[in-house]
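Scroll down for the structure; my scribbles are underneath it.
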Amino acid sequence: GLRDLAADNITEYNEGLTINSLRRFHIMPEVIMAFLYRNFMLLSAYFNIPTVNCYYVEPDENSTVDDSKVFVNCEGLGEPIFFYLAIVWSLSAITIFLLYMYGYFLHRSFFAGFATIVYYFCSHETATNVHRAPMMRHNFAIPFIIWLTFYLNIYVERHVFSKDNRKDGTHHRNYAMIVSIVIFSTISNVFW
């Protein structure tokens, strides 16, 4: 399947045109989730673990649908859309955890981590779209971006602002991070 996506000559109509769909359409998160879903289904079948809960829905007496029709409704991680949404919302939970750790790291107090989470939920409408549009691309990227900046802060503190390089008791990393946040948020607002 990956070979067919990397050398795709069906998606775009042009005689002899072959494209790399993985790069062109940025579908690597979906490919990874499809791999996880397939292995999840194989493991659950191997261990005989049910993955869906199906039930029948009959139309009521006021319905315009034919009474002889009965609908089957299934839900659970065995359904591809529920598996997809579970991964997206798990990444959102990881985002909240990383934000807490980031706030704790910057100020070294539990209150700072808690305040970061409160601020995130107060500005939830502009901070993320996971509640409105879970299929958007940045829902996959946000936890990784936060993790990378968090790791960058740890690296900077250990190697740049170590005790040997610090002259007084002030935390220069806080000032450096505030300046970088202002610069990057300004740049992102200009280009978006």
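Residue under question is L152, and the condition is that it be closer than 28 Å to I87 by Cβ and modelled with pLDDT of 85 or more; does it hold? Spelling it out, it is not the case that L152 is closer than 28 Å to I87 by Cβ and modelled with pLDDT of 85 or more. Within the set of pairs 6+ apart or on separate chains, which have a first residue in the stretch 41-53 that is open to solvent by 80 Å² or more (accessible area, probe 1.4 Å), a second that is polar (S, T, N, Q), and C-beta atoms under 8 Å apart? Within 8 Å, the pairs are P50/S44. Can you pull out every residue in the stretch 24-39 that is open to solvent by 60 Å² or more (accessible area, probe 1.4 Å), at pLDDT 90 or above and among the aromatic types (F, W, Y)? Selection gives F35 alone. The single condition among (1) over 30 Å from R3 (Cβ atoms); (2) open to solvent by 40 Å² or more (accessible area, probe 1.4 Å); (3) assigned to a helix (DSSP H, G or I); (4) modelled with pLDDT of 80 or more that Y56 does not satisfy is (3). What are the residues in the stretch 76-85 that are surrounded by 16 or more Cβ atoms within 10 Å (Cβ to Cβ) and either aliphatic (A, V, I, L, M) or assigned to a helix (DSSP H, G or I) (or both), if any? Within the stretch 76-85, L77, F83, Y84 meet the criteria. Here I94 passes the criteria (1) at negative phi; (2) in contact (Cβ under 8 Å) with a residue 60 or more places away in the chain except the one numbered (2).
Residue pairs whose Cβ atoms lie under 7 Å apart, separated by 6 or more positions or on different chains, with the first residue in the stretch 10-37 and farther than 22 Å from V88 by Cα and among the β-branched types (V, I, T) and the second open to solvent by 50 Å² or more (accessible area, probe 1.4 Å) and part of a loop (DSSP other than H, G, I, E, B), are T18/A7; T18/N9; I19/T11; I19/E12. Taking the criterion of being open to solvent by less than 40 Å² (accessible area, probe 1.4 Å) and under 8 Å from the mean Cα position of the chain (by Cα), the residues of the stretch 124-140 that qualify are N139, F140. For the stretch 94-116, the set of residues classified as of a type in the set (S, T, Y) and loosely packed, with under 15 Cβ neighbours inside 10 Å consists of S109 only.
The values are calculated or read from the model by the stated rules, or taken from the named source; none is laboratory data. Model, not experiment: these values are computed from the prediction. Every residue, glycine among them, receives a Cβ derived from its backbone with ideal geometry; neighbour counts consider all protein chains shown. Remember, those area values only see protein heavy atoms, side chains included, never the ligands or the DNA or RNA. Shrake-Rupley method; radii C 1.70, N 1.55, O 1.52, S 1.80 Å.
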